[in-house]
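Note sheet for the following structure.
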Amino acid sequence: MRNPVSDVRYEELVSWSEGQELPAFWAYLRADFVDFGDRREAFLWILRRLLEEQRVELVNLQTHEALAGTIDQQIIRFKAAFPKNEEEMNNGIWFFTEACPGGAAWRPSATVNSSG
């Protein structure tokens, strides 16, 4: 997928959402993407970029342990589990259910590797 948002917009989203749970990105993307499928793809693209830049680590919501697998494997898991429409998303509640593969553990800004 081509970059769904500009680098400037990406940095705004990161700034607004840093330290928050994944639904923050989902909510902020509503202003950029009306279509659920487009917003889902943009969300997954942003999540991949955050992982590649080591800004976040995905963790199990119950144990808080890091999710196993490569970035590709984690994104594939998220994409496969992701709701297909707004109703299944349930106003962002999906992110806090067992169906969601994990949550975001933000890394301290000092350790960010933004070479991506």
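Every number in this text was worked out from the coordinates using simple rules, so none of it is lab data. Since the model is a prediction, treat every value here as computed from it, not as a measurement. All Cβ positions, glycine included, derive from the backbone under ideal geometry; neighbour counts span all protein chains shown.
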Whole-Å semi-axes of the ellipsoid equivalent to the stretch 7-106 (Cα gyration tensor, √5λ, descending): 19, 17, 12
Cα lying deepest toward the dipole's positive end in the stretch 7-106, options Tyr28, Ala66, Val8, charges on Cβ: Ala66
FRET efficiency, 1/(1 + (r/R0)^6) with R0 30 Å, evaluated for His64 and Asp38 via beta carbons: 0.45
